[in-house]
1. Taking other Cβ within 10 Å of each residue's Cβ, how do Y353, Y345 sort, fewest first?
2. Compute the length gained on full extension between S485 and S120: take 0.36 nm times their separation in residues and subtract their Cα-Cα distance, giving the result in nm to one decimal.
3. Near I497, within a Cβ-to-Cβ distance under 12 Å, what is the net charge of the other residues, with Lys and Arg +1 and Asp and Glu -1?
4. For segment 328-400 and segment 194-244, what is the separation of their C-alpha centers, rounded to whole Å?
5. If you stretched the chain out fully between Q222 and K524, how much longer would it get, using 0.36 nm times the residue separation minus the C-alpha to C-alpha distance?
6. In what sequence do V587, V242 fall when counting other Cβ within 10 Å, fewest first?
7. Can you compute the modelled spin-label distance between H282 and Q543, with each label point 7 Å from Cα toward Cβ, in nm?
8. For segment 165-295, what is Rg from Cα atoms divided by 2.2 N^0.38 Å, rounded to two decimals?
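Where a number appears in this text, it was derived from the coordinates with a stated rule and is not lab data. No experiment lies behind these values; they were computed from the predicted model shown. Virtual Cβ from ideal backbone geometry, glycine too; neighbours counted across all protein chains shown.
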Amino acid sequence: MVIWWEGIALFMAYLMLYSDGVNPACECVTFQSYGLSQGRFHSPNFPQPSNHSIDCILYTFIGDVNELVQITFLEFDLKPPSINPSGPQCSDFLKLFLNIDRPEVNEHSKWDEVLCGNISNLKQKTYFSSSRSLILEYHTASKSSGHFTGFRGTFKFFNQADFRNDGHKQLGTQCSYFFQSSNNGTKGKFFSPRYPQNYPKDSNCQYIFMGHAKEKVIVRFQNIQLDNRESSCRSNPDTVRVYDGNQRDGKILREICGIHNQVDVMSSGQYMYIEFKSDHYHESQGFAATFEFTDDANLYTPQPPPQKNGETRSSSDNFTSCNMKIFSANAKNGTIESHSYPHPYPPSIRCQYELEGQGQERVQLSFKKMNLYYSGGDPDMPHGCINQDSISVFIYIDGKEILLGQYCGNKSPSQLMSNNQRMKVVFTSTSQSETRNVFGFQLEYNFRTDFGVQGSGIQDPRKVCTFNYLHGKGASGTFTSPNFSGFYPRNTECHYIFYGKKNQKVEITFTQFDVDGLKPRCEKSTESDYVSFSNFLGSGDRQLPRLCGQMNPGQVIRDSEGAFFRMTFKSNHIYDATGFKANYRFVPVNEILTPTMPNPEPETSRGTSISPGTSHDHVTVVMGTVYLLFLTVIFHVL
């Protein structure tokens, strides 16, 4: 229960004593918890603008012992800050005291945040206390307050134990924890430092999970709020890295940066090592996660023993119950066939096939044969699969089941790939297919750790989708996007790193290029997938623009300034395309390439196809002083 009468009485006292002068004492509004409570708060007269200055009002939130306080601003409208040489200055402001031991402040108390301006300018809208108390200090100036409405928000008291790590903290460390499996299995939770408050700058935390033999570790990040940049996780300083083993020299299962609702990771063995690091400049809320040590046998129950190709069929012999679970621990590849294949399948059935890998594995699905009843026209060119026999493929992004594609008739799609360890396939037949002579389908699945990247690269086994190309292994070669020539997987980031010899540079030419995005900038704001380039290992290169969209064979060339070059492919969670195929060469630094000059063109739109022979986006770009001087001479001669 919240002491509303106390807050109302204080507000009434404030209004009765109110005058245009500066009141040397702060008025107080107190909200106190008995058990779990929640409510609302707002500035005086909200949403009506005030014509008077407010010298000081303290909003004090007091929870019970072992409770924390959460406040969320729903509306916020104070005078914007003025810009001075020393930085922004707020004349109307709200100070936040988030780290106080007692529900009191004075002139020596240290505040944590000062807020002013509009709600759209706030870096975050929700704040948490570190203990049972939180205080807001509100001030306005008489000349500025008349045009701004103030603020309103909600508060909540909740149990501090909800955010306590279930591991054992390592002595002498900031935030390193051990999690040991017990004999009867273990599950629990863990958090970034100070969660649900923002993690501190320069965080360096380790979470080490140690299971028994034949156990696996399953971790689910339920909320991830890291410094959100557009760049690759490799160059983002605030990152969570998940390793397959008990130390950081194991394979990287997942690199996580930015904002996500849910990310699931499973180890290939009994250990998992998680590392969280942040830089000296940014703070965000961090992450909340759960863990579970699971015996291998528990992954397969309540299904019966596996049959051929690692498949596990449901116990019912009824054809309307034909669900199947397929685990990579049983077999790394196999086939999925419709019932009675290659004879006609039964009508009115729904079959669900769940595929689950481990470690760095991704699920690749290829349609080998497909002959489904289709009443909507030509089965070789189907238009829409509603109320038709169909195969639907689902993936999982941020904890949500996402339809990757629905297919019907006789037209098989290009091969598909999951964005993580899981994929689900659902086959549905209608009652109309009972008397039709259709033989069904045959699908081939593979659990792959190479992401389906083709070519002459050497995969780095410790990193996620990273391939090295060394001059010592050949002066030239090829490489592709993941899952080429099918659709590349969503939410995927791959790195292609080239190491030449001294006095060499790297030349890359794309023979096929179809990466969904909006040119010319290929930015996150346009939800673009992209390919980027850098002459540096750990950061981007502003001189080299990103690539996306569709381009003609040989239309784009990129070359490095020296012997090192890094190319990054990054896809988002929304769109698909067939990706790219490219050639690379290690050539002398002073070698001059034959230039192809671009023609002026308007900005192209997503989904626009560029036919061969057109001049669209003819952008041969070559870095290097020698090449630029050569062009200058040619133009002067002409």
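1. Values: Y353 21, Y345 26.
Final ranking by Cβ density, sparse to dense: Y353, Y345.
2. On the way: separation 365, 0.36 × 365 = 131.40 nm, distance 4.33 nm.
Between S485 and S120, full extension yields an extra 127.1 nm.
3. On the way: positive: R234, K463, R566; negative: D460.
Around I497, the surrounding residues sum to +2.
4. Using only Cα atoms to place each centre, the spacing works out to 34 Å.
5. Working: separation 302, 0.36 × 302 = 108.72 nm, distance 2.31 nm.
Extra length available between Q222 and K524 comes to 106.4 nm.
6. Working: V587 17, V242 24.
The order, fewest Cβ neighbours first, is V587, V242.
7. 2.5 nm
8. Values: Rg = 13.9 Å, N = 131, 2.2 N^0.38 = 14.0 Å.
Normalised by 2.2 N^0.38 Å, the Cα Rg of segment 165-295 equals 0.99.
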